[in-house]
Each structure stands twice: as structure tokens, then as C-alpha cells.
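Notes for the one structure printed next.
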């Protein structure tokens, strides 16, 4: 009996360490991506023929260096400040990144609360781990609030420029042999799969694609399918799966998830508005 208990404890500890390692890897990727975005913004500012613009950017990020910034929150704050300086229409496509609180016993025998990744569900007190959603726009952390955000409120212009933040919202999953049901994707990959369940039968190549095809082919209900995808995507070869989707004989058979489509439609309008305003100013100056 003691051996069984210790085995269970060891198993729980291993699962905890594995989840922590996965979270650290995702954070490292997010930091790397954010640094790349900041470098691109810095390059755009340096290329602009505006001394004041460059000076303001320099106060935010001296020499454009991000190597010493290891916090994703600080990087996002710098990214936001640079966007404020540029004042350009910005579309941010992010993930809902739902988490739920769990009580664990640490190595010292003390009970503590940790937040771990979870499949998004309403009424569970879940929170987002996405710093953009919490600290920038729309400035919310509860999944229930984010899921209920009206479509028009994804956009804002309170900082003097147009901004739209897109993330996964509740969708109706229509599956063969099962009644439509509402689910909330957590990441781009499960959103893509749940939006294109029929097309998944033709995606092949990597082991992840084979697993996705097998799971979708089981005829599960929306919530059950979402559970299976959530577990699969923890260790999935996401890049390989994306390439397999691109290699479809008819790639147009894939529909973009609704939150991405909505964001791109907004961006097209916002950029068109900026171009029209720029042309109007240029015409005024020329006159």
C-alpha cells in the first residue's frame, strides 16, 4: 500500500514537473517572438524620417536592446509603448490561454494554489494567462468576461490609434453524427481543427496529423472532442501539422477560425482608413 501511494505521489510530481516544463517552453517562445516583433518596430522607427519619433523610441528602449529583458510582461509593455509612439493601426492575434486554479502540496508539505493550463469552460472561474488580454486590451482576465466581450469591443482607439485584439471565442462545433454544440478553443490549432472538422480527414503527413484525423473521426461531441484535442496539443508537433495543412490538395477547403477572419476584416478597413487619411493630408499639403 505504501508503495502504491508513493508511486501515485511520484506520478503526480512528474506530471507537475512536465506541465511546468511545458509552460516554461511556451513562455520562452513567447519571449522570443515578442523580442522579434519589438526589433521589427524599432527598425521601422529608425527608418522613419522623424527625429522626434526616434528620440521617443530611444527613451522606451535604449539602443533597441531587449536581450536583458526576460519578463514577457515587460516585453509586452515595451511593445505597447513602441506602438503608442508609432500610432499605427495594429491587429494583435493572440490565444485565450485559459488556466484553472489547482491546489497542490509542495515539497515542504505546504498546500498552495497554482494556475495550470485548461480547456476553456464557462462558469469555472478560469483566467487567461495572456498578458495582452489582462494588461492591455480589453483589460480582462476572467474567461467568462473575455468570452462574453461584444464583437465591437475588440477594437479600441483610446490611445490615439486603432487597435484590435483577436482571440478565441465560443463557436458552434458541427460534427458528423453529433448535434452541434458550443465549445471554446484555447489556441490557434484547436480553433483551426474545430472550424474544419470535415477537412481534417484529408490532412496527412506527420504523426500529429494522423492523431488529429483519428480523433476527429471518432464522432465525438463538441466538448469531448475539445477535451481530446486539448490533451493532444500539449505534446503535438504543431509546426509539422501546420505544414501538413498547407500541403492539402485544396488548401482553400480550410476556413480561417472566426476570430482571425474578424480581425483581418477589421484590419483591412483600418488600413484603408489610414491610407485615405494620409492621401487627404498629402493632398492638403500639395494644395
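The values are calculated or read from the model by the stated rules, or taken from the named source; none is laboratory data. These numbers were taken from a predicted model, which means no experiment stands behind them. We place every Cβ from the backbone using ideal geometry, glycine too, and count neighbours over all the protein chains shown.
Determine if segment 23-33 includes at least one residue that is modelled with pLDDT of 80 or more and either farther than 30 Å from residue 235 by Cα or part of a helix (DSSP H, G or I) (or both).
no
Of all residues in segment 200-233, count the ones that are farther than 18 Å from residue 98 by Cα and part of a helix (DSSP H, G or I).
Number satisfying all stated conditions: 13.
On the given criteria, is residue 217 modelled with pLDDT under 90 and touching a helix residue (DSSP H, G or I) at 6+ places or on another chain (Cβ under 9 Å)?
Yes; evaluated as a whole, the condition is true for this residue.
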